[in-house]
Amino acid sequence: MAKSNWLGAIRLGLIGGVIAVLVALVGMVEVFGERDIVAGVISMGQTLLVLTVLLVGYITASRTAGSQRLVGVASGALAGLLTSAMLVVLLLIGKAVNLRPVLINASPVLYKILTFGQDTGTGVLILLALGLVIGVVAGIIHWLPPRVRGAVIAGLLLVGLIGLLQDLLRVTLAPFPEVSKAVAWMFGSKGQKGLSVAGAIVVFTVVAAVSYLWAAQGNNLQRRVRALPPSGQRAVRWGSLALAFAMLLVWPQVAGPYLSDVSNQVGLFILAGLGLNIVVGFAGLLDLGYVAFFAIGAYVMGVMTTTGGEIATNFQWTFWEALPVAVGASVLMGVILGIPVLKMRGDYLAIVTLGFGEIIRILAISDFLKPYEGGSLGIVLVGKPTLGSLVMETPQSLYYLIFAGCLLAVFISWRLRDSRVGRAWKAMREDEDVAQAMGMNLVTTKLLAFATGAAFSGLAGAIFAAKLSTVYPHSFTLLYSINVLSLIIVGGMGSLPGVFVGALVLVGLPELLREFSEYRLLMYGALLIVMMLTRPEGFWPEATHRREFHEEEAVVEPVPSSAPAP
Amino acid sequence: MALLEVENVHTYYGNIHALKGVSLTVNEGEIVTLIGANGAGKSTMLKTISGLLRPREGTIRLAGEEMSHYKAHEIVGKGVVQVPEGRKIFGRLTVTENLEMGAFSKVDGAAIAEDMQRVFALFPRLKERRHQLGGTLSGGEQQMLATGRGLMARPRVLLMDEPSMGLAPILVQSIFATLQQLHRAGTTILLVEQNARIALQVADRGYVIQTGEVILSDTAENLRRNEMVRKAYLGIS
């Protein structure tokens with residue numbers, strides 16, 4: 001065994017230790033400690049620490065194992081031990097010196113969690129032993145054959161996820177007596193938080209078994225699909241799309257109002273994301289003022305439909321009458337912004353668009369426009385969308401409106417991507433000068449990108465206003481632009497499925513974990529950094545980006561040349 | 001009537017007078033070369049013809065039609081296609097995708113497919129590498145790709161800017177052999193080169209440009225023999 005392997009294990013162990021100490025000192029262990037994943041066995045706070053050790057051990061094992069598996073287990077154990085040793089150091093310092101004046105989260109509760117309620121000496125020993133054992137477990141998990149390893153990881157992940165979302169599951173599944181009985185058994189008695197031990201074991205076993213079987217049969221299935229003639233493959237693809245469509249259609253009926261509302265928020269971000277995806281992902285124009293179009297859509301909808309009577313104009317249009325005006329106004333602003341920035345690229349474009357977003361926000365909040373759009377008081381009593389006699393008020397009915405909007409945006413994006421315009425965007429993204437030398441009209445190509453992106457965002461804004469019934473200027477901050485941009489980056493620039501994945505991860509998940517919202521931005525930042533390090537092309541990248549980052553695969557697997565668009 | 005006529009063209013970069021009344025003609029089926037030192041205005045001339053720069057004075061005509069009021073992308077549609085200096089291929093797109101981009105001004109799918117086969121016949125290396133990313137090709141292959149991409153637009157005049165730049169001598173030979181092949185097939189080429197020796201070998205006629213002015217124009221053969229050209233550009237005393 002090479003010396004560098006041990007050094008690597010030590011390095012990773014220390015890094016893991018720093019992460020664990022940080023997680024403890026920002027208070028996450030304590031706050032998350034109030035909720036159990038498995039009742040009476042492990043809390044979420046402890047899970048965070050265990051997860052850190054597991055990850056560190058696993059990465060160490062995967063780096064050092066090579067041909068000798070025992071070495072992998074041993075180095076995993078070393079890394080695990082070091083990680084817990086760092087926590088011990090924190091514990092000992094904390095016990096000797098009062099850290100609280102500087103680090104407010106270094107509280108007695110934290111120490112109690114770290115020592116498992118024992119006295120310091122015993123606690124330290126338990127902590128070290130656990131680090132060692134978990135490191136060994138991580139090494140052994142890495143040692144397992146891939147299929148079993150996948151099954152074990154899937155099982156553990158799902159136990160964690162169910163424990164995390166327990167309240168939600170209980171509430172959501174309450175209307176279904178059969179299922180809710182099973183769930184109630186899984187979670188044990190009502191008073192306790194977290195899965196019961198038996199429930200956790202059942203969930204783990206079932207998920208691991210399903211995952212194992214899928215790994216065994218899934219490849220087979222894929223191979224069979226690939227062996228089908230093209231028409232059959234297309235049938236499979238359309239069939240699965242139709243299935244997904246049907247599931248999305250019934251979703252709000254199953255999910256209930258809370259989850260529907262979360263879905264609506266995700267949906268509005270998807271809609272906006274699809275728009276920005278055209279501007280940034282397809283055409284490569286970095287737009288940091290994207291919130292402007294969202295705001296314009298929302299304000300136009302608000303001004304045209306409000307029945308509040310607080311503002312000078314009194315249109316009182318219906319939602320459907322105002323919608324085209326709202327989208328049209330956004331498109332117009334898209335073009336108006338587009339014209340002055342035609343010659344700008346990269347950083348300069350980003351700064352100008354950033355300024356544009358701020359201008360719109362400051363205008364919205366200004367006293368100057370207050371008589372027309374409410375200023376800092378905003379607009380109230382915005383019209384609700386109607387369908388015949390049905391007023392779309394509940395999250396469930398709004399879901400269908402947003403769903404329809406997303407479908408439309410996906411369809412338009414998809415058709416545009418494969419069109420001449422889409423190709424011009426792609427060429428422009430790669431190199432503007434050459435695109436021009438290929439005969440592409442940069443002016444119309446750029447303006448079309450800005451206008452389409454603005455249209456989707458304006459649509460999202462208009463629905464947003466109708467959904468909340470109010471429009472307030474503080475909804476339209478720079479953070480919104482950054483959020484939409486981040487979800488595109490996390491999902492994969494220029495990729496349509498990527499927008500969905502990105503919105504689910506960055507909007508849906510934090511929404512479901514509302515109670516931990518004070519750590520939202522921390523997690524957000526950590527996720528972005530980890531993504532950039534390990535998967536810079538995004539969760540579901542577009543072909544061009546995947547090829548850029550995974551060259552070797554691209555050469556082996558020829559990309560079928562697409563027929564030029566007529 | 002010449003296919004491409006440039007008459008008394010003045011181009012400026014801000015206040016800098018880069019082209020001071022340049023006139024040149026390219027006849028159908030000819031290879032004409034523009035030689036000169038760094039900064040003489042060779043690339044400026046090409047950029048002016050392809051519409052990336054606008055002449056302040058003078059006319060540019062293609063087959064008698066005045067071109068200087070067209071925009072760059074419209075000029076490509078008219079059949080004046082530039083193979084840019086430094087190749088400028090799309091590094092993250094495959095060879096096939098690069099060629100498809102070259103055919104952007106064309107809409108007939110069958111004709112595009114045919115043109116692509118023609119490019120592959122001219123450069124078999126590109127066919128071998130058609131699924132590879134442009135950025136992973138060698139310099140010579142990138143020049144082939146850039147040339148092929150230019151040909152995909154079915155140019156009436158192909159403007160080539162420094163095709164020999166940064167290539168090993170053997171690759172330069174092969175690129176110029178291809179140019180001769182294109183020439184025999186009837187393609188009209190305006191070639192800008194610093195490597196005057198090889199440019200004058202393949203060209204029919206040549207113009208020598210110095211600080212924005214044409215100082216000499218003749219057949220390539222006569223230029224090769226010209227005392228001044230030999231001294232200044234061929235390095236023979």
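The values are calculated or read from the model by the stated rules, or taken from the named source; none is laboratory data. Here the structure is a predicted model, which is why all the values come from computation and not from measurement. Glycine gets a Cβ as well: all are built from the backbone with ideal geometry, and neighbour counts include every protein chain shown. SASA here: full protein model, heavy atoms, side chains in, ligands and nucleic acids out. Shrake-Rupley method; radii C 1.70, N 1.55, O 1.52, S 1.80 Å.
A few comments on the model shown:
- Candidate set from the range A:141-151 (those that are surrounded by fewer than 19 Cβ atoms within 10 Å (Cβ to Cβ) and assigned to a helix (DSSP H, G or I)); member that is farthest from the chain's Cα centre (by Cα): A:Trp143
- For the range A:520-549, taking the residues that are touching a helix residue (DSSP H, G or I) at 6+ places or on another chain (Cβ under 6 Å) and not in a loop (DSSP other than H, G, I, E, B), the one that is modelled with the lowest pLDDT is identified as A:Arg547.
- Residues located in the range A:521-551, provided they are more than 14 Å from the chain's Cα centre (by Cα) and hydroxyl-bearing (Ser, Thr, Tyr): A:Thr534, A:Thr544
- Sole exception among (1) outside any helix (DSSP H, G or I); (2) more than 10 Å from chain A (Cβ to nearest Cβ); (3) open to solvent by 30 Å² or more (accessible area, probe 1.4 Å) for B:Pro55, by number: (3)
- B:Gln194 satisfies every condition listed in (1) open to solvent by 50 Å² or more (accessible area, probe 1.4 Å); (2) out of contact with any Asp or Glu (no Cβ under 7 Å at 6 or more places or on another chain); (3) of a type in the set (S, T, N, Q) except (2).
- For A:Leu377, the test of being in contact with a Lys or Arg (Cβ under 8 Å, 6 or more places away or on another chain) and either open to solvent by 30 Å² or more (accessible area, probe 1.4 Å) or among the hydroxyl-bearing types (Ser, Thr, Tyr) (or both) is passed.
- Whichever residue in the range B:74-85 is more than 7 Å from chain A (Cβ to nearest Cβ) and in a strand (DSSP E or B) and, among such residues, is nearest to B:Met160 (Cα to Cα): B:Val83
- Taking the criterion of being touching a Leu at 6+ places or on another chain (Cβ under 7 Å) and of a type in the set (Val, Ile, Thr), the residues of the range B:1-24 that qualify are B:Val6, B:Val9, B:Thr11.
- Helices (runs of 4 or more DSSP H) contained in the range A:2-99 and holding at least 3 residues within 28 Å of A:Lys193 (Cα to Cα), touching a helix residue (DSSP H, G or I) at 6+ places or on another chain (Cβ under 9 Å) and not assigned by TED's automatic domain parsing to the domain that holds A:Thr122: none
- Residue in the range A:108-119 that is among the β-branched types (Val, Ile, Thr), without any contact (Cβ under 8 Å) to a residue 24 or more places away in the chain, in a helix (DSSP H, G or I) and surrounded by fewer than 23 Cβ atoms within 10 Å (Cβ to Cβ) present: no
- Cβ-Cβ contacts under 7 Å between residues 6 or more apart (or on different chains), taken from a first residue in the range A:525-551 that is open to solvent by 80 Å² or more (accessible area, probe 1.4 Å) to a second residue that is acidic (Asp, Glu), are listed as A:Arg546/A:Glu537; A:Phe549/A:Glu537.
- Qualifying residue in the range A:438-451 (condition: in contact (Cβ under 8 Å) with a residue 12 or more places away in the chain, among the β-branched types (Val, Ile, Thr) and either outside any helix (DSSP H, G or I) or open to solvent by less than 10 Å² (accessible area, probe 1.4 Å) (or both)): no
- Contact map, the range B:123-140: residues that are more than 14 Å from B:Leu99 (Cβ to Cβ) and away from every other protein chain (no Cβ under 13 Å) paired with residues that are of a type outside the set (Phe, Trp, Tyr) and surrounded by fewer than 14 Cβ atoms within 10 Å (Cβ to Cβ), Cβ distance under 9 Å, separation 6+ or inter-chain. Pairs shown: B:Gly139/B:Gly166; B:Gly139/B:Ala168; B:Gly140/B:Ala168; B:Gly140/B:Ile170.
- All helices (runs of 4 or more DSSP H) inside the range B:87-206 with 2 or more residues being within 15 Å of the chain's Cα centre (by Cα) and outside the structural domain of B:Thr33 (by TED's automatic domain parsing): B:139-151
Residue-by-condition table, conditions (1) closer than 13 Å to A:Tyr290 by Cα; (2) without any contact (Cβ under 8 Å) to a residue 40 or more places away in the chain; (3) hydroxyl-bearing (Ser, Thr, Tyr); (4) open to solvent by 60 Å² or more (accessible area, probe 1.4 Å):
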{"position": "A:Val331", "(1), (2), (3), (4)": "yes, no, no, no"}
{"position": "A:Leu342", "(1), (2), (3), (4)": "no, no, no, no"}
{"position": "A:Ala350", "(1), (2), (3), (4)": "yes, no, no, no"}
{"position": "A:Leu363", "(1), (2), (3), (4)": "no, yes, no, yes"}
{"position": "A:Leu381", "(1), (2), (3), (4)": "no, no, no, yes"}
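- Residue selected from the range B:1-26 under the condition part of a loop (DSSP other than H, G, I, E, B) and more than 17 Å from B:Gln82 (Cα to Cα), by the criterion farthest from the chain's Cα centre (by Cα): B:Asn15
- Exactly one residue among B:Lys106, B:Lys71, B:Lys88 is within 14 Å of chain A (Cβ to nearest Cβ), open to solvent by 30 Å² or more (accessible area, probe 1.4 Å), at pLDDT 90 or above and closer than 17 Å to A:Asn441 by Cα, and that residue is B:Lys71.
- For the range A:98-107, the candidate set comprises residues that are within 17 Å of A:Val26 (Cβ to Cβ) and polar (S, T, N, Q); within that set, the residue that is least open to solvent (accessible area, probe 1.4 Å) is A:Ser107.
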